[in-house]
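Below is one structure, written out as structure tokens; comments come after it.
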Amino acid sequence: MTNRAGEFCGIDPAAMEAMSSTLRDGADRLAAFHQEFDQRFRAHDIDTAPLREILEISQWGKSQISMLAYRLETIRQLSEGANVPFLTLPDQLDAFDDARGLASMYGEGILTNFTGEVRARLIHEHADKVAALADNPHAAAAFFATLPPEVRDALPTLIAASGSKTAKEDLAAFSEALGAALRAPSGVPAFQQVKNDLMRPAPRDVAWNRLVLLAGADAPSDVRSQAARALALDGFVRDSSQDFRAASMSTAIAFGRSPDLVAVAMDVLDGDGSAARHAFDHMGDAQSTATRQEKMKLFVTYAANFGTGDDVAQSFGRALASGTEATTEQPGGHSAEAAAFAYDAIVAVGGYGEKAPLAAQASMALIAKSYTHELVSGTRLDKAIYRESSMTRPSTWSDIPGLRPAFHLSPGDTYRFLRTFAGNERLTDDFDAAMAGFFHDTMVDAARLDARHGTQHFEDAAQVFGDFGGIEFKAASEVRGQLDATDALIRTYMKNTAGLVVDKLPIAEAAELAQRAAWDITKAYGVSTVLDGWADSFETRVEELNGERADLSRRQRYEMARLLHEAGFPSMPVPEELLDATGRIMTYDAIVQQAGGSAATLRDKLTIYERWMDQSSALDQKAEMSSRLTTSEQARNVIEDWD
């Protein structure tokens, strides 16, 4: 046995067995020698103390024989499939022996010879030892390589059958160790068989167990994709009319998983965008001609037709969000692979509108937050209005600084996708929070460019965001009803504008509230075009609730002026009466609040504001024009075409 750089050891099993045999023979001869001469020495009253050292050497040799035999068997088991006379293993033979012993304890003892509470207690008592294997991936590989295959393929079921209250926690220990082994460089030949089995078709009960074990393993992308496909998704694409339930409800509940094979396959893909994209690209068989969008639609249809539909829809949604890199890449800066996947997901699932699975709503909203550039561009009505959705840029398109869409949606596809989550006020509110920051940053950047180059990017951006705000609200009102959607907008509007007048807010929080209020006003102003009489109704109801004026057109114009000033657009110095504690122009709501209900005081404040704007003619004209452009008659006409 040789040691190379303290990392690997070369082993010749035949030579090791010969050494063990030689040691056994030597120990036996020493024992016989001691017995013979001990008797002779005693017969002649000669001190036998020196002979005791020979006996101890013999006993040591015999103790090493059993250790060598156990180690040799460990090496043989870990080397299955190597087919070479001289083996190379990581230099961790003591750890391998321990791992094999732990596998034997579970595979030939705890999980096979005990039941009920005793099994549950023993599983949990030793789970920390399994979890600790994650710190030594090669030992973890040795554990799974020496765990009996029939036990390995039934681990979740065997744990759940004990009735354990810690089943989920205990299985997580096994998953963690398996993940470490899968991520480690190959070093244990026999573990390759374990890995191969995980990615090979199996009966449904075995497939479910393998997938549930893998779902918490943080396995490499290729393993996730191939396992999900082989164990569930290839068969699903071939025939999605089957019921893919593969485990009892009680077993599934023990681990917080679905009994549906399709759902747990999606769980394996969740969190790994590369795995999700690869799986959707290749699921099915070599003869399959289904496009990625067509495959996605299979999951929506399946979710609508089977009792486990909510489980499947939720897991499917999370897998889609992973494939789009919704939480790992920045809006406007997505990789080509993620953007192409997002395009397919938005068009495929968006086609169902509000009939898309409710359980997938949160994931659709997450995708929307990450693809704001594409959605806002999708509702752009001044260029290529009757375009089809495409990954390529329309021929008549012109860029707006700050909008960096990776693909181009039609207004209809955008509208329908917004309807997939428009029925959930919490999700739309969260989406609008993201939109507020995007709106603010884009408008400020456009204003800076205009100040330097005399362009009209600010007006162009105002028009695009105004159209989007109106269409987003239209989507919500169609799904939830106009009254409910209006009430939600009023609640958000009042909450955010009220926050602006709270004294001593942290600067960052005050800035965030100001951004949100600006977007609320822009959205409300945009809505006034697509719904007859809506603006008057909105203003009246706000005034009824808080007793303050709600002049949308004036608020919108003031917000545009405030954004222009923040961007450094040329103007006369702002009167001190209009500045807040941070040196920025007060919002319209702060001015109203400062007036304290006095019409005369408010009139005086607004007069100062109007005089400043009149003196800053270029800023005034830009604010006025951009305010008007946030409403568009085209939005009304195009929406009628979609309904």
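Dividing the Cα radius of gyration of the range 349-441 by its Kirkwood radius returns 0.97 for Rg/Rh. Each peptide in 126-138, 445-457 receives the mean, over its residues, of other Cβ atoms within 10 Å, and ordering these scores from highest gives 126-138, 445-457. The listed residues SER288, SER241, once ranked by accessible area (1.4 Å probe) with the largest placed first, stand as SER241, SER288. Roughly to the nearest percent, how much of the accessible area of the range 189-281 is carbon and sulfur, given a 1.4 Å probe? Solvent-exposed carbon and sulfur of the range 189-281 make up 45 percent of the total.
Using heavy atoms of the protein chains and a probe of 1.4 Å, the accessible area assigned to SER250 is about 80 Å². Shown are GLU325, GLU374, GLU108, GLU117, whose ranking by accessible area with a 1.4 Å probe and every protein chain present, most to least, is GLU117, GLU108, GLU325, GLU374. Put simply, when 363-373, 346-356, 385-395, 329-339 are sorted by average Cβ atoms within 10 angstrom per residue, most first, you get 363-373, 346-356, 329-339, 385-395. Annotation: extensible slack from ILE57 through ASP285 equals 75.6 nm (criterion: 0.36 nm per residue apart, minus Cα-Cα distance). Radius of gyration over Kirkwood radius for the range 259-347, both on Cα atoms: the Rg/Rh ratio is 0.97. The Cα atoms of the range 163-287 cover 40, 37, 25 Å along the three principal axes, with the biggest extent listed first. Label GLU337 and ARG40 with points 7 Å out from Cα along Cα→Cβ: what is the distance between them in nm? Modelled inter-label distance: 7.8 nm.
Between ILE385 and SER398, the modelled labels are 1.6 nm apart [label points 7 Å from Cα along Cα→Cβ].
With each label modelled as a point 7 angstrom along the Cα→C-beta vector, the ALA32-ASP135 pair spans 4.8 nm. PHE33 contributes about 80 Å² of solvent-accessible surface, heavy atoms of the protein only, 1.4 Å probe.
The values are calculated or read from the model by the stated rules, or taken from the named source; none is laboratory data. Please read these numbers as outputs of a predicted model, since none were measured by experiment. FYI the Cβ positions are ideal-geometry reconstructions off the backbone, even for glycines, and counts take in every protein chain you see. These area figures cover heavy atoms from the full protein model, side chains too; ligands, DNA and RNA do not enter into them. Shrake-Rupley method; radii C 1.70, N 1.55, O 1.52, S 1.80 Å.
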